[in-house]
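Below: the structure, in structure tokens.
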Amino acid sequence: MPFMIRISDVRPLEGRMVRLTLTDGSVVERDLSALLDGVGVFERITFDDAAFREVYVDYGTLAWPGEVDIAPETLIWDGPDPADQDRRPEPFLRPRRPRP
């Protein structure tokens with residue numbers, strides 16, 4: 001079974017940026033502002049800085065109190081895990097809003 005890279009640590013930065021430490025040791029920064037649309041479960045963390053900063057890692061993905069999370073493949077790869085297991089995540093990436 002191939003090794004899947006996941007998130008092992010998170011540090012909130014300015015705005016809606018986070019610094020992620022991954023299970024392979026990579027450190028990447030992600031701007032989550034495009035994913036946070038202010039609707040439903042994302043309303044609180046979209047508009048409330050203190051709420052956004054409550055981010056933590058739960059089983060390899062980012063989570064917030066209130067059962068809010070974002071899939072690790074979206075945060076690490078901006079989509080599904082790549083077929084090429086030797087590929088490394090880009091250091092800086094602005095994830096796109098998921099397509100309906």
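A short reminder: the numbers here are calculations on the coordinates, not readings from a lab. Computed from a predicted model, the values in this text were never measured in an experiment. So basically every Cβ, Gly included, is an ideal-geometry build from the backbone, and we count neighbours across all protein chains shown.
Loop only by DSSP, 16 or fewer other Cβ within 10 Å of the Cβ. Give me the GluC sites (Glu not before Pro) in the range 11-98 that pass, ordered by residue number.
Values: sites: Glu14, Glu29, Glu43, Glu54, Glu67, Glu73; in loops: Glu14, Glu54, Glu67.
When the GluC sites (Glu not before Pro) of the range 11-98 are filtered for loop state and at most 16 Cβ neighbours within 10 Å, Glu14, Glu54, Glu67 remain.
If N is the number of residues in the range 12-56, what value comes out of its Cα radius of gyration divided by 2.2 N^0.38 Å? It would help to have the intermediate numbers written out before the result.
Numbers: Rg = 11.3 Å, N = 45, 2.2 N^0.38 = 9.3 Å.
Normalised Cα radius of gyration, the range 12-56: 1.21.
Using label points projected 7 Å from each Cα along Cα→Cβ, tell me how many nm separate Glu67 and Asp49, to one decimal.
3.1 nm
So for the chain, what are the equivalent ellipsoid semi-axes in whole Å, largest first, each being the square root of 5 times an eigenvalue of the Cα gyration tensor? Display every interim value, and only then the final one.
On the way: eigenvalues 101, 39, 30 Å².
Values for the chain, descending: 22, 14, 12 Å.
At q = 0.26 Å⁻¹, what is the base-10 log of I(q)/I(0) for the range 31-90 according to the Debye formula with one equal point scatterer per Cα and no solvent? Please give it to two decimals.
Listed by q, the Debye log ratios stand at -1.14.
About its Cα centre, how strong a charge dipole does the chain have in debye, to the nearest 20, once Lys and Arg get +1 and Asp and Glu get -1 at the Cβ?
About 180 debye.
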